[in-house]
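The values are calculated or read from the model by the stated rules, or taken from the named source; none is laboratory data. Owing to the predicted nature of the structure, the values given are computational and were not obtained by experimental measurement. Methodologically, a virtual Cβ is constructed for each residue, glycine included, from the backbone with ideal geometry; neighbour enumeration extends over all protein chains shown. Ligands, DNA and RNA are excluded from the accessible area calculation, which covers all protein heavy atoms including side chains. Shrake-Rupley method; radii C 1.70, N 1.55, O 1.52, S 1.80 Å.
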Amino acid sequence: MAWCTGILPTTCTLLNSEMTDPRTPEPTDEPVSTPAPEPVAPTVSAAAPSSPASASPLPSGWERETLEKLAFASLREQQAARRWRNVIRLAWLVLLSVSAWMLFSRAAPVTDKTTPHTAVVEIKGEIAAGADASAEFVVAAMRSAFEDDGAQAVVLLINSPGGSPVQAGIINDEIRRLKAKHSKPVYVVVEESCASAAYYIAAAADQIFVDKASIVGSIGVLMDGFGFTGLMDKLGVERRLMTAGENKGFLDPFSPQTERQRVFAQAMLDQIHQQFIKAVKDGRGKRLKETPEMFSGLFWTGEQAVEMGLADQLGNLDYVAREVVKAEDLVDYTRRDNVAERLAKRFGAAFGEGAVRALRSVPALR
């Protein structure tokens, strides 16, 4: 019995002759004599039609060469991946180290206390609580500068349009106290502007140096806001504000302002204005050439300020350090928020804003 298909006849005959035992007769009802198989001479079968790939034999050892190439390629890929992992880990380590350093440290001057130098404290931007020019940062920087034995003088480098009279008053008082305690001069160098609360601070210095085009002055106080009562009447919008105390909501922009409230606010502004004027007169003394407009809130160029006695002379930071202090080396004592602190403040502000929005859903007492 043959079970070969698709194989050459000679091969099939060989398989049949090997698998069939001539001595084992098939079970039949009648005895059947099985003739002995004819001897088959070993022959070489004709080659079957080969595939195109086997038509051109590959060179000897090609399998080994291919395997070696694959192995080396895999090894190189693993080495490259390992190097990149190490680089990424190192980069993360450096980033975390820098972040930790920035989080737990704040820029502070590193100098030998015995080396003579001019201490510099910058007051730039709005003077307000939480800003770089806040009383907290400026006072801390001034204390460090005054306590440094190598600091021959303290220079306040000002470029500010003004801000809070409270923050300016705190800095003004601290300048006077530190000058008396440490017996060191304080100079102010004005860059673009030194107006309003910034000049409130500058008035406590021993001398004020300006550029001829600097903006100086604006000795006055203001309180601003908006009123929408007329617009609300035209739109038919009603403002429902409940207070305990008849004047509790007198600064509300959606409520009308009475004459009594206006007089009260004006009296408060006048009092703060007189405090400002006193600080300027105490600081500048006889150098002031007072005019009716000096304390009206107007501002002048640096050149005009020198003529009016609001400033002493023209000069920049390098000039003051070289010619006045006689210590050309400058050391910056300015305190600033680092990156981590700024991110924390922004996150805190965003969180607080979300909380306020949530609380606005119910009436609030304040």
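Structural remarks
- Solvent-accessible surface (1.4 Å probe) assigned to Thr229 amounts to roughly 50 Å².
- Rg over Rh for the range 95-236 works out to 1.13, using Cα positions for both radii and the Kirkwood form for Rh.
- For the peptides 303-314, 145-156, the ranking by packing is 145-156, 303-314, with the highest mean count of neighbouring Cβ atoms within 10 Å listed first.
- Packing, as the average of other Cβ atoms within 10 Å across residues, places the peptides 174-181, 77-84, 193-200 in the order 193-200, 174-181, 77-84, highest first.
- Ranking by accessible area, most exposed first, for Arg64, Arg335 with a 1.4 Å probe: Arg64, Arg335
- Theoretical FRET efficiency, 1/(1+(r/R0)^6), r = Cβ-Cβ of Leu298 and Asn86, R0 56 Å, to 0.05: 0.30
- Between Lys181 and Met223, the FRET efficiency from the beta-carbon distance, with R0 = 45 Å, is close to 0.80.
- For Leu298, Leu157, the ranking by accessible surface with the largest value first comes to Leu298, Leu157, using a 1.4 Å probe.
- Full-stretch length increase - Ala100, Glu259 - with 0.36 nm per residue and alpha-carbon distance subtracted: 51.6 nm
- Spatially proximal lysines relative to Lys184 (Cα-Cα < 28 Å; intrachain offsets below 8 disregarded): Lys113, Lys124, Lys212, Lys278, Lys281, Lys286, Lys289, Lys326
- Rg ratio (alpha-carbon, reference 2.2 N^0.38 Å) - the range 170-273: 1.64
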